[in-house]
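Report on the structure given below.
No lab work stands behind these numbers, since they all come straight from the coordinates. Note that this is a predicted model, so its numbers are computed, not measured. Please note: Cβ atoms are built from the backbone with ideal geometry, for glycine as well, and neighbour counts cover all protein chains shown.
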Amino acid sequence: MPTKESSRWEEETLQPALNKRPERKKSFQSVSLEEVERLYTPADVEDLDYERDISFPGEFPYTRGIHPTGYRGKLWTMRQFAGFSTPEETNARFKYLMQQGQTGLSVAYDLPTLMGYDADSPLSEGEVGKCGVAVSSLADMEVLFDGIPLEQVTVSQTINAPASVLLAMYLVVAEKQGARWDKISGTLQNDILKEYIAQKEWIYPIKPAMKLVIDTFAFCTEHVPRYNPVSVSGYHIREAGATAVQELAFTLRDGIEYVQWGVDAGLDVDQFVPRMSFFFNAHNDFFEEIAKYRAARRIWAREMKRRFGSNYERTLQMRFHTQTAGVSLTVQQPLNNIVRVAIQALAGVLGGTQSLHTDAYDEALALPTDRAALIALRTQQIIAEETGVVNTVDPLGGSYFLEALTEKMEQEALEYFRKIDAMGGMVSAIEKGFPQREIQDSAYQYQKAVERGEQVIVGVNKYTMTDEPSEVPILVIDESVRTHQLERLEQTRTRRDAGAVANALDKLKTAAHKHENTMPATIDAVRAYATLGEICSALRDVYGIYEEPAF
Amino acid sequence: MSNRKIRVLVAKPGLDGHDRGAKVIARALRDAGMEVIYTGLRQTPEMIAAAALQEDVDAVGVSILSGAHNTLCPRIVQLLREKGMDNVLVLVGGIVPQEDLPRLKEQGVAEVFLPGTSTEDIVKFLQDNVKPRD
């Protein structure tokens, strides 16, 4: 809306400048292909009310953060995602990262583990230990956390379709260390909805898979009260090609879906929602990302109040982890990725993230080497210790541009909520293929914009080099990992009590058939050294497997 | 020369579910006038070769980001050749280290497209390299 003052400025100051030098482009767009205006002024934020919409940090609607002191009280947790090869190798990497000042652990599992197959399944061939660490049974998990005190270190596990099984393994390892379940903390990704939407690592059909998630909520609320049983993830939605608004909208709507399912299962909102956490991407477009995090907190607080009637501050406060955008890393001139990651990480910090993973510069080529992983961690330490951005809370709050963008993204996300609600919720929307199509469409539009040169990727479609200097060393994982894992698996199968395993698996099937909470039976099966593949097969027998809607 | 459209099977072998690239490529090839069949996720080399035969394709585009390319790609080529599809081009797209490229090509992969490749380059490669049929 032009004001008298802005019209005057346009006429007296802007127009002569444009006459002298036109702007470089007709339209300026964010990485989400959203139009950005030339200038933002008080007129762009005149509908916002400070107390109602922005408010003080630590107060509803938490736009400026959930802690009144921001990072002055406590820095974010520096939590580098790591996992490759054998449990022994990953255990060594964990210890190395902790020696270097990392403050939390985050486990990456390999594809067979993510899909619920053992290392000796024919489907696992070529994939054991490649994208993460290989875990087929409790025996692997014991090695993975050897010498890492689970009562003191918080561990995040990126596992989804078989999450309840890996949670059970984690709890049994903790127990064997002598750690008390009511003392341990950590996070299970366990966000199955975004698997159907984006990352596509599913096993069972959606509804039984949702039931398994709710089982973990109920179990943790009762027995592991400091543990976060879900990390509702926009990260993968964004990586699959979503815009920032789509990431925001689909992630929060997924979160609402979990809350609804929990409530429908008889859980108390204010008991389990405070333990739900979120996970967002930090992409290239600096202000769009910061606005996204601020909008996310505001939307979550308002929706928890409006939809579920909560007034409990820990239910209303959205806590989140951030990871820099793997998809933005380039194979070309890979050292440039260090700079991209630093800027993306800064956006996460200015957006008030609770924990952060910075990607290593070589991740468009392979899993990170020690050296690349170290630089990634140092990037966070430089932001925390040298830049001064941690000295004040929400330093960009009040920027006309940022506040206007925060508001715009909130409104656009709410528009998606209305569409998804009209479809009967997120599970129905996914069954209809709605978020999947929206994301595919955005991915295609972005690719076209890159090919037209409208979106610039340095080193890829501009400033390219035919003779690139210095190749970077990469981490190679060979097939000896599989041999090593097969040996331990065979030993485990020989040493365990086969009758006890069969019995435990039968009990798990019975629990699944009877719609009882599957966690106690899963824990018993894990204790008997039933393998991940065996446990998931038992559940596959009961639940069936998911079939994707046609492309 | 016939006016037959180029037919391409876009395939996702292995356990990896990251299908952004496969779907962008499928759509770009369709927009370029080709007939595209997408296999869906988690196809074994045997399933991919069977689909290529059944669909009578000119090329198979294999999307793979998991690091399992050295195991899966040569097997796909071998199965295609065993089924008599000698002229079917096998293209690979995804995260493949530079060191692995010569070996994949020796094993019969026609081309490997790394991250950052323009879809136009892939279209052009297919147009230039698919052998015309009667």
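Per-residue mean of foreign Cβ neighbours for A:123-131 is 6 (Cβ atoms of other chains, 10 Å radius). Averaged over residues, the count of other Cβ atoms within 10 Å places the peptides B:26-37, A:252-263, A:293-304 in the sequence A:293-304, A:252-263, B:26-37, highest first.
Once the C-beta distance of A:SER428 and A:VAL542 is scaled by a Förster radius of 25 Å, the resulting FRET efficiency is 0.60 to the nearest 0.05.
Taking amide H positions as modeled 1.01 Å from N, with prolines and chain starts lacking one, the residues under 5 Å from B:GLY61 and 5 or more places away or on another chain are B:LEU9, B:VAL10, B:ALA11, B:LEU91. Label point 7 Å out from A:LYS462 along Cα-to-Cβ: which residues of region A:358-379 have amide N under 18 Å? The answer is none, because no backbone nitrogen lies closer than 18 Å to the label point. Averaged over the residues of A:437-449, the number of partner chain Cβ atoms lying within 10 Å of the residue Cβ comes to 3. Put simply, the amide H of A:LEU188, placed in the peptide plane, has neighbours under 5 Å in A:GLN157, A:ASN228, A:VAL230, leaving out anything fewer than 5 places away on its chain. Computed over region A:50-451, the range of Cα coordinates on each principal axis works out to 54, 49, 45 Å, biggest value leading.
Taking 25 Å as the cut-off for C-alpha to C-alpha distance, list the pairs among B:LYS105/B:LYS131; A:LYS176/A:LYS200; A:LYS200/B:LYS23 that go past it. Checking Cα-Cα distances, A:LYS176/A:LYS200 exceed 25 Å. Distance between the pseudo-spin-label points of A:THR510 and A:VAL389 (7 Å out from Cα toward the beta carbon): 5.6 nm. Applying both filters, DSSP loop and at most 11 other Cβ atoms within 10 Å, to the GluC sites (Glu not before Pro) of region A:414-510 gives A:GLU471. Measuring r between the beta carbons of A:GLN100 and A:VAL36 and using R0 = 35 Å, the FRET efficiency lands at 0.35.
With only Cα atoms counted, region B:65-108 has Rg and Dmax values of 10.6, 30 Å.
Calculated [222 nm] ellipticity per residue, helices only, for chain B: -12000 deg cm²/dmol; basis is -39500 (n - 2.57) per DSSP H run with n ≥ 4, divided by all residues, nearest 500. Distant-in-sequence amide contacts of A:ALA108, defined by a placed amide H-H separation under 5 Å and a gap of 5 or more residues or a different chain, comprise A:ALA82, A:GLY83, A:VAL133.
Scanning chain A for DSSP H helices at least 15 Å long along the axis (C-alpha atoms) with a Kyte-Doolittle mean no lower than 1.0 picks out A:163-177, A:336-350. Remark on chain B: hydrodynamic radius 14.6 angstrom, per the Kirkwood mean of 1/r across alpha carbon pairs.
Candidate membrane-span-like segments in chain B, meaning DSSP H helices with Cα atoms spread over at least 27 Å of their own axis and a Kyte-Doolittle mean of -0.5 or above, do not occur, with no membrane implied either way. Label-to-label distance, A:GLU222 versus A:GLN152, with points set 7 angstrom from Cα along the beta-carbon direction: 3.2 nm. The HN-Hα couplings worked out from phi for region A:124-141 by the Karplus form 6.51 cos²θ - 1.76 cosθ + 1.60 (θ = phi - 60°) are 8, 4, x, 10, 5, x, 7, 9, x, 7, 8, 10, 10, 7, 3, 4, 5, 5 Hz, whole numbers, x standing for Gly and Pro. The simple Förster model, with R0 at 45 Å and r as the Cβ-Cβ distance, assigns A:GLN15 and A:LYS419 a FRET efficiency of 0.65.
Take A:398-407, B:68-77 and order them by the average number of nearby Cβ atoms within 10 Å per residue, most first; the result is B:68-77, A:398-407.
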